[in-house]
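Below you'll find the structure, written out as structure tokens, and then a few comments.
What follows is calculated from the coordinates using simple rules that are stated; it is not laboratory data. Everything numeric here is computed off the predicted structure, so don't read it as measured data. Ideal geometry is used to build each Cβ from the backbone, glycine not excepted, and the neighbour counts take in all protein chains shown.
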């Protein structure tokens, strides 16, 4: 396995506010890395730097050895992104949208396969604006996967899904890892992190609070206990 994602002394400021404050961690190919932290800890800002959506103030974000902010189209085609709000065109129908996206890639995933695996065929004729939150999540995940990426960034991929759909998505994410993809998942679900992740990154106040393999990080304790020990302001 090789390092696919690197965050090196990364900082991002908005005026006097440090959203990310000297953060360093990495994610490897053929592994699922779960990033956890309280609201406002810097998770989304870090992901946006790695996705090339915003430029760091200092430090480095590296994906497949490249700076995402300055990356060319060939590099971007190797990266799949699922944003928290979906970013889907409201007037599109799911399967037509996926077929259009597939046509933009040299080696796309099978549209029919993804539609079947994620149950999108059940609402294929419904426009995005009329889909439920969980249905939108499934379409957004399919859009992130359609390009057959080498690195996959997923922001809260199972938010709003019912238990059966959540299990289906977890299974698909595991199969994606088995294809040699580096998967980086942000989540607030301890169960999701424990069921999926090979590697855990816990961040708090813009910095890394803990970083390591799940078994090593927890050492016989629950992930929830470790998390609240490292982010005490979240405990009630």
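Couple of notes before you dig in:
- Calculated mean projected area of the Cα convex hull in nm² (choose from [x] 16.8; [y] 15.1; [z] 13.1), label: [z]
- Comparing mean-square fluctuations of 182, 142, 102 from a GNM of the chain with C-alpha springs under 10 Å, the top value falls on 102.
- Relative to the compact-globule estimate of 2.2 N^0.38 Å, the Cα radius of gyration of the range 97-186 comes out at 1.02.
- Calculated [222 nm] ellipticity per residue, helices only, for the chain: -9000 deg cm²/dmol; basis is -39500 (n - 2.57) per DSSP H run with n ≥ 4, divided by all residues, nearest 500.
- Distance in nm between pseudo-label sites at residue 164 and residue 224 (7 Å out along the Cβ direction from Cα): 2.6
- As a proxy for reagent exposure, 11, 58, 26 were ordered by neighbouring Cβ count within 10 angstrom, fewest first; the result is 58, 26, 11.
- Per-pair calculated FRET efficiency, R0 = 35 Å: residue 2 and residue 171 via Cβ, rounded to 0.05: 0.90
- 93, 12 arranged by Cβ crowding within 10 Å, fewest neighbours leading: 93, 12
- Residue ranges 62-68, 116-122, 143-149 sort as 143-149, 62-68, 116-122 when ordered by packing (mean number of other C-beta atoms within 10 Å per residue, highest first).
- Footprinting exposure proxy ranking of 14, 105, 227, fewest other C-beta atoms within 10 angstrom first, gives 14, 105, 227.
- Approximating the spin labels as points 7 Å out from Cα along Cα→Cβ, the residue 122-to-residue 105 distance works out to 2.4 nm.
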